[in-house]
Amino acid sequence: MSVVVNICRLLLAFVFILSGFVKAVDPLGTQYKLGDYLEALQLAGWLPEWILLVASVLLAAVEFCLGINLLFAINRRATPGCILLILSVVTPLTLWLALSNPISDCGCFGDAIVLTNWQTFWKNVALLAMAVVIMRYPSRMFRFVSESNQWIVSNYTALFILCMSAWCLYDLPIFDFRPYHIGANIKEGMEIPEGAELPEYTTVYTMEKNGTTQQFTVENYPDSTWTFKSVETKLVKEGYEPPIHDFVLTTLEGDDVTEELLADTGYVFLLVAPHLEQADDSRLDLINELNEYAQEHGYSFYGITSSGEKAIARWRDITGAEYPFLQADDIVLKTIIRSNPGLLLLKNGTVIRKWSHNSLPEIDDIVNSQPLDEIEMGQMPEDSVPTKIFRILLWFVLPFTLLTIADRTWMWSRWVRDKRRRQLNKILYNPLNNKKESMRKKIVAGNWKMNMNLQDGIALAKELNETLKADKPNCGVVICTPFIHLASIAQFLDQDIIGLGAENCADKEKGAFTGEVSAEMVKSTGAQYVILGHSERREYYKETPEILKEKVLLAQKNDLKVIFCIGESLAEREAGKQNEVVKAELEGSVFNLSEEDFRKIVIAYEPIWAIGTGKTATAEQAEEIHAYIRSIIAEKYGQAVADDTTILYGGSCKASNAPELFAKPDIDGGLIGGASLKAADFKGIIDAWKK
Ligand code: PEP
């Protein structure tokens with residue numbers, strides 16, 4: 001299963017990274033696509049353009065970051081969860097697109113890979129299935145970088161992709177997947193190969209008569225008793241469509257000059273401004289100087305816009321532009337260059353250079369006003385794609401590769417050290433007393449809670465003391481009692497056999513805290529242990545991780561051994577969040593300790609839904625989470641510490657189920673509530689270690 005999960009995870013990560021990246025390098029393209037969607041949903045104009053632009057940048061960043069998070073198995077539950085959520089929304093949407101075809105290309109890979117709507121839908125179904133597989137077995141995803149270093153990956157990724165979008169907005173998309181990229185010959189892009197089948201269209205007229213609406217074509221166009229309502233062009237047969245199929249330039253008088261312009265063998269500057277009304281006019285002096293330079297050397301210089309004559313006249317007024325204007329479709333112009341205005345240099349119909357209005361060539365660059373033939377600006381740049389890919393590798397892939405290598409080397413060296421330590425332990429302990437390789441103690445601890453008065457408590461402790469003296473346990477035994485019992489019981493308890501502990505202590509050292517009992521006071525009774533973090537105290541007395549952190553520190557300061565309880569509620573288990581919860585509880589209160597201090601802690605995993613309810617976690621459920629707890633201790637403190645940490649199970653543990661639970665390799669005993677109130681019941685659980 002792990003292989004399947006990891007293949008799904010890598011494929012899904014690759015798709016999200018690619019899809020996020022191509023959108024991020026062309027934020028304006030993504031914005032236009034979002035606009036198309038709004039139009040298809042008949043919501044065009046509902047949102048201002050800047051909101052669409054922000055949304056396009058965020059959409060790209062979210063996709064890219066999710067892809068990288070999945071690749072590095074960061075937040076192994078939340079990341080696939082978000083991906084699943086996104087795909088659950090997007091898949092039905094793409095089904096709708098495929099069925100009703102309001103947009104011909106969904107734009108999921110920008111202009112880099114164009115899929116039909118049905119291809120997109122089936123792609124999403126496949127991705128959805130992969131996301132479900134990952135969601136089901138998130139912990140099977142192996143990590144490239146350990147959890148403690150993952151923040152570096154996620155923060156750097158977010159920064160990288162946002163900077164990339166910002167740069168591509170300021171300048172031009174660093175990768176240009178459109179048919180007007182540098183090096184493209186526009187004439188060739190318009191050519192239709194010989195024998196290619198052309199798409200067939202028909203014009204459909206919607207007409208109305210006496211309240212009835214009907215559609216007609218040219219062939220059956222009705223008589224004048226019908227009123228015209230609308231007209232649309234419909235594709236009847238798919239066919240070859242050249243990459244450039246709508247590049248038409250007309251003069252303001254309406255004459256088509258496309259052929260003439262593309263046939264020009266000299267240099268032609270095209271100042272492309274899809275909408276002159278919104279065009280940036282901050283570099284107008286430079287544009288005019290470039291025009292003068294072009295005139296001086298006999299090069300053509302045109303402004304091209306989709307705006308009307310009024311806007312052109314206004315632009316001329318504001319900027320003093322003397323170059324002639326041509327008109328073209330705004331979508332074509334937006335496709336040619338992602339800048340308003342942007343400058344294009346053509347030679348022989350081939351795109352030689354492209355500049356955004358923020359990066360126009362400074363006039364000083366045009367060395368001593370030499371002709372373009374003689375200077376670099378007039379030549380096609382060396383293929384810049386490998387350089388750009390190299391830069392991305394240098395800025396993004398290389399740091400992560402180095403981080404992964406450093407992280408894995410560090411983990412490996414830790415593993416080697418731990419292995420050596422374990423081997424040493426084996427040599428030291430095994431031959432002498434046949435102890436298990438790990439040094440961790442097996443413990444059965446009782447938690448009396450708020451039960452029994454002093455006399456009954458003393459009687460129970462005495463009975464247990466006698467019983468265990470007569471029949472020595474095969475594990476450590478501890479009883480944790482209410483405060484008032486401690487001093488009395490400590491008098492007679494044989495603490496070589498039964499340890500004594502409190503159920504709580506204060507989070508303050510001493511002073512005016514009426515009713516509280518400090519760690520020092522607990523210690524002074526003769527007790528050695530204290531239970532902290534029990535779910536009942538977390539819930540009823542609102543003990544937060546910060547309070548517990550203080551309590552742990554004070555308990556350890558007073559030389560008390562802490563039995564630290566963690567565990568999830570039923571709702572959290574049902575939501576599959578148990579790992580997250582226990583991890584947060586450990587991180588919140590005990591993962592701040594030094595290795596030496598952490599070694600003194602006993603962990604008790606107690607699923608809240610099993611405490612006092614009669615419901616026990618199955619031995620497999622308990623083992624799974626115990627193993628997880630041990631793995632996060634290993635990540636934090638190393639394998640040797642994890643191997644030596646005692647992890648108890650608590651929650652309706654009885655003599656009948658203890659043997660099965662204790663037989664699991666990562667369960668080192670139990671914290672027992674109800675069944676610790678009768679000596680015979682408690683002894684039955686202790687004896688599970690003898691089986
Ligand atoms: C407990 O409260 O620590 C506990 C495990 O209780 P019980 O055994 O009664 O479920």
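The values are calculated or read from the model by the stated rules, or taken from the named source; none is laboratory data. Worth saying up front: this structure is predicted, and the values here are computed from it rather than measured. Note that we place each Cβ from the backbone using ideal geometry, even for glycine, and neighbour counts take in every protein chain shown. Just the protein is used for accessible areas: all its heavy atoms, side chains included, with ligands, DNA and RNA removed. Shrake-Rupley method; radii C 1.70, N 1.55, O 1.52, S 1.80 Å.
Given the criteria farther than 23 Å from Ser165 by Cβ, open to solvent by 10 Å² or more (accessible area, probe 1.4 Å), of a type outside the set (Asp, Glu) and assigned to a loop (DSSP other than H, G, I, E, B), does Ser88 qualify? Before the answer, list the steps.
Details: farther than 23 Å from Ser165 by Cβ: yes; open to solvent by 10 Å² or more (accessible area, probe 1.4 Å): yes; of a type outside the set (Asp, Glu): yes; assigned to a loop (DSSP other than H, G, I, E, B): no.
It is false that Ser88 is farther than 23 Å from Ser165 by Cβ, open to solvent by 10 Å² or more (accessible area, probe 1.4 Å), of a type outside the set (Asp, Glu) and assigned to a loop (DSSP other than H, G, I, E, B).
Any residue in region 96-115 that is under 13 Å from Ala40 (Cα atoms) sitting within a Cβ distance under 7 Å of a residue that is among the hydrophobic types (A, V, I, L, M, F, W, C) and open to solvent by 60 Å² or more (accessible area, probe 1.4 Å)? List the pairs, counting only those 6 or more apart or interchain.
Here the result reads Ala98/Trp118; Asp105/Val114, each pair linking region 96-115 to a residue that is among the hydrophobic types (A, V, I, L, M, F, W, C) and open to solvent by 60 Å² or more (accessible area, probe 1.4 Å).
Could you figure out which of (1) in a helix (DSSP H, G or I); (2) in contact with a strand residue (DSSP E or B) (Cβ under 9 Å, 6 or more places away or on another chain); (3) within 16 Å of the ligand (Cβ to nearest atom) isn't true of Val522?
In the conditions (1) in a helix (DSSP H, G or I); (2) in contact with a strand residue (DSSP E or B) (Cβ under 9 Å, 6 or more places away or on another chain); (3) within 16 Å of the ligand (Cβ to nearest atom), Val522 misses (3) alone.
In region 298-317, how many residues are buried (at least 18 other Cβ atoms within 10 Å of the Cβ) and either more than 21 Å from Lys334 (Cβ to Cβ) or touching a strand residue (DSSP E or B) at 6+ places or on another chain (Cβ under 6 Å) (or both)?
Qualifying residue count, region 298-317: 7.
Can you go through Ala445, Ala502, Ala527 and tell me which one is more than 16 Å from the ligand (Cβ to nearest atom) and either open to solvent by less than 60 Å² (accessible area, probe 1.4 Å) or over 26 Å from Thr646 (Cα atoms) (or both)?
Values: Ala445 fails: more than 16 Å from the ligand (Cβ to nearest atom); Ala502 fails: more than 16 Å from the ligand (Cβ to nearest atom).
Result: Ala527 is the single residue among Ala445, Ala502, Ala527 that is more than 16 Å from the ligand (Cβ to nearest atom) and either open to solvent by less than 60 Å² (accessible area, probe 1.4 Å) or over 26 Å from Thr646 (Cα atoms) (or both).
Could you check Phe109 against (1) out of contact with any Leu (no Cβ under 8 Å at 6 or more places or on another chain); (2) open to solvent by less than 50 Å² (accessible area, probe 1.4 Å); (3) in a loop (DSSP other than H, G, I, E, B) and say which number it fails?
(1)
Filter region 44-66 for residues that are in a loop (DSSP other than H, G, I, E, B) and surrounded by 13 or more Cβ atoms within 10 Å (Cβ to Cβ) and give the result. Let's see the steps before the verdict.
Here is the first cut: in region 44-66, the residues in a loop (DSSP other than H, G, I, E, B) are 44-48.
Within region 44-66, Leu47 is the sole residue that qualifies.
Here is a list: Gln295, Gln278. Which entry is open to solvent by 70 Å² or more (accessible area, probe 1.4 Å) and under 20 Å from Lys347 (Cα atoms)? I'd like the intermediate steps shown before the answer.
Working: Gln278 fails: under 20 Å from Lys347 (Cα atoms).
Gln295 is the lone residue from the list that is open to solvent by 70 Å² or more (accessible area, probe 1.4 Å) and under 20 Å from Lys347 (Cα atoms).
Looking at the structure I just gave you, is Leu159 over 26 Å from Arg178 (Cβ atoms), open to solvent by 30 Å² or more (accessible area, probe 1.4 Å) and out of contact with any strand residue (DSSP E or B) (no Cβ under 9 Å at 6 or more places or on another chain)?
Details: over 26 Å from Arg178 (Cβ atoms): yes; open to solvent by 30 Å² or more (accessible area, probe 1.4 Å): yes; out of contact with any strand residue (DSSP E or B) (no Cβ under 9 Å at 6 or more places or on another chain): yes.
So Leu159 fits the description; yes.
Would you be able to say whether some residue in region 209-229 is closer than 30 Å to Trp410 by Cα and touching a Phe, Trp or Tyr at 6+ places or on another chain (Cβ under 9 Å)? If you could, list the steps in order and put the result at the bottom.
From region 209-229, those closer than 30 Å to Trp410 by Cα are none; that's our starting set.
Within region 209-229, not a single residue is closer than 30 Å to Trp410 by Cα and touching a Phe, Trp or Tyr at 6+ places or on another chain (Cβ under 9 Å).
Just the residues that are touching a Lys or Arg at 6+ places or on another chain (Cβ under 7 Å) and open to solvent by less than 10 Å² (accessible area, probe 1.4 Å), please, taken from region 530-561. Reasoning before the result, please.
Taking region 530-561 first, the residues touching a Lys or Arg at 6+ places or on another chain (Cβ under 7 Å) are 532, 543, 556, 558-561.
Answer for region 530-561, where residues must be touching a Lys or Arg at 6+ places or on another chain (Cβ under 7 Å) and open to solvent by less than 10 Å² (accessible area, probe 1.4 Å): Leu532, Leu560.
Go through (1) surrounded by 15 or more Cβ atoms within 10 Å (Cβ to Cβ); (2) outside any helix (DSSP H, G or I) one by one and return the number of the condition Lys123 breaks.
Just one mismatch for Lys123, condition (2).
Select from region 647-679 the residues that are open to solvent by less than 10 Å² (accessible area, probe 1.4 Å) and in a loop (DSSP other than H, G, I, E, B) and write down the one among them that is farthest from the ligand (Cβ to nearest atom).
By that ranking, first place goes to Asp668.
If you go through region 680-691, how many residues are within 11 Å of the ligand (Cβ to nearest atom) and farther than 16 Å from Leu500 by Cα? Spell out the reasoning first.
Residues of region 680-691 that are within 11 Å of the ligand (Cβ to nearest atom), as a first pass: 681-682, 685.
Next, only the ones that are farther than 16 Å from Leu500 by Cα stay: 681, 685.
Number of matching residues: 2.
So which residues in region 530-566 are within 14 Å of the ligand (Cβ to nearest atom), assigned to a helix (DSSP H, G or I) and either in contact with a helix residue (DSSP H, G or I) (Cβ under 6 Å, 6 or more places away or on another chain) or farther than 19 Å from Lys583 by Cα (or both), if there are any at all?
Selection gives Ser535, Tyr540.
Counting residues that are of a type in the set (Ser, Thr, Tyr) and closer than 27 Å to Gly29 by Cα, which strands (runs of 3 or more DSSP E) fully inside region 305-388 reach at least 1?
Details: elements: 325-327, 342-347, 350-356.
So the answer is 350-356.
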